[in-house]
Amino acid sequence: MRKIILYIAASTDGFIARPDGNIDWLHDKKYNIPDEDFGYTAFLQTIDTTLMGRKTYQQVMGFDMPFPYPDLKNYVFSRSEQQDTEHVSFVKNAVVDFIEKLKEQPGKDIWLIGGGQLNATVLNAGLLDEIILTYIPIVLGKGIPLFSADTEEHKLKLIPTENKLYRNGFLQVRYSC
């Protein structure tokens, strides 16, 4: 069965974006390490599908670049009716059922891009298999949390051989759920 992996970055205090959804702090030049992508390229080789919430999708579409995942199957979850696009299929109802069926289909692993509400839904449903979390050495104080407030308690298991500290202060940890 395919795994669902949350591959994401968060501030040291657990936020994935500022309150308005802005992620400018992720692109601060002081964090740049030439020729280092923090495992992103290798991770992309393991997946063929993405899952994201509507607000995360809108954030991605706001980047000054073409859609970043044109070669993957992309699903966006929204409470309102949305028109599918060339690269994205929108899912309105039965999120958990949809994801359960998706996991059973043949293919590579599935990237849960986020945001916090979708992260909580997938975790609470017991569908999240792994978390690859890169802590950025910044305290935002407020913002959009990694998991929304309706998240239930879950104990995670650290995969110790998969953790890495980068010279810019990024700490990447991997957990099984």
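None of the figures in this text is laboratory data; all of them are computed from the coordinates on show. Computed from a predicted structure; not experimentally measured. Note: ideal-geometry Cβ built from the backbone for every residue, glycine included; neighbour counts use all protein chains shown.
Table for the structure above
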{"read-out": "Residue-by-residue Karplus 3J(HN,Hα) for the stretch 49-58, coefficients 6.51, -1.76, 1.60, Hz, glycine and proline x", "value": "9, 10, 10, 8, x, 4, 5, 5, 4, 4"}
{"read-out": "Pairs of Cα atoms farther than 22 Å apart, the chain, %", "value": "45 percent"}
{"read-out": "Mean residue ellipticity (222 nm) of the chain, computed from DSSP H runs ≥ 4 via -39,500 (n - 2.57), nearest 500", "value": "-5000 deg cm²/dmol"}
{"read-out": "Karplus-derived HN-Hα couplings along the stretch 155-165 (A = 6.51, B = -1.76, C = 1.60, θ = phi - 60°), whole Hz, x at Gly and Pro", "value": "8, 9, 10, 5, 9, x, 6, 10, 9, 8, 9"}
{"read-out": "Rounded to whole Hz, the Karplus (6.51, -1.76, 1.60) HN-Hα couplings of the stretch 117-127, x for glycine and proline", "value": "6, 5, 4, 5, 4, 5, 5, 4, 7, x, 9"}
{"read-out": "Check: the chain dipole with +1 on Lys, Arg Cβ and -1 on Asp, Glu Cβ, in debye", "value": "280 debye"}
{"read-out": "Beta bridge orientation in the chain: antiparallel %, DSSP, nearest 5", "value": "35 percent"}
{"read-out": "Amide hydrogen neighbours beyond the local backbone of Ala17, cut-off 5 Å, H modeled", "value": "Ile144"}
{"read-out": "Amide H within-cut-off set for Tyr7, under 5 Å, with H built and near neighbours excluded", "value": "Leu112, Ile132"}
{"read-out": "Using alpha-carbon coordinates, inclination of helix 95-104 to the longest axis of the chain, degrees", "value": "90 degrees"}
{"read-out": "Residue exposure sequence - Glu162, Glu86 - by fewest surrounding Cβ within 10 Å", "value": "Glu86, Glu162"}
{"read-out": "Amide hydrogen neighbours beyond the local backbone of Thr49, cut-off 5 Å, H modeled", "value": "Lys73, Trp111"}
{"read-out": "Two-site FRET efficiency, Asn163 against Thr46, from Cβ-Cβ distance with R₀ of 22 Å, rounded to 0.05", "value": "0.80"}
{"read-out": "Gaussian network model of the chain, Cα within-10 Å springs - most flexible of Tyr57, Tyr75, Tyr166", "value": "Tyr166"}
{"read-out": "Ranked list, fewest to most other Cβ atoms within 10 Å of each Cβ, for Trp111, Trp25", "value": "Trp25, Trp111"}
{"read-out": "Mean Cα-pair separation over length for the stretch 42-134, i.e. relative contact order, pairs under 8 Å, 6 or more apart, %", "value": "36 percent"}
{"read-out": "Dipole magnitude of the stretch 18-108 about its Cα centre (Cβ charges: Lys, Arg +1; Asp, Glu -1), debye to nearest 20", "value": "320 debye"}
{"read-out": "Highest-fluctuation residue, Phe43, Phe15, Phe63 considered, GNM on the chain with Cα pairs under 10 Å", "value": "Phe63"}
{"read-out": "Anchor Lys155: aspartates and glutamates whose Cα lies under 13 Å away (excluding residues fewer than 8 positions away in-chain)", "value": "Asp129, Glu130"}
{"read-out": "Listed residue (Tyr75, Thr151, Pro106) projecting farthest to the positive dipole end of the chain, Cβ model", "value": "Thr151"}
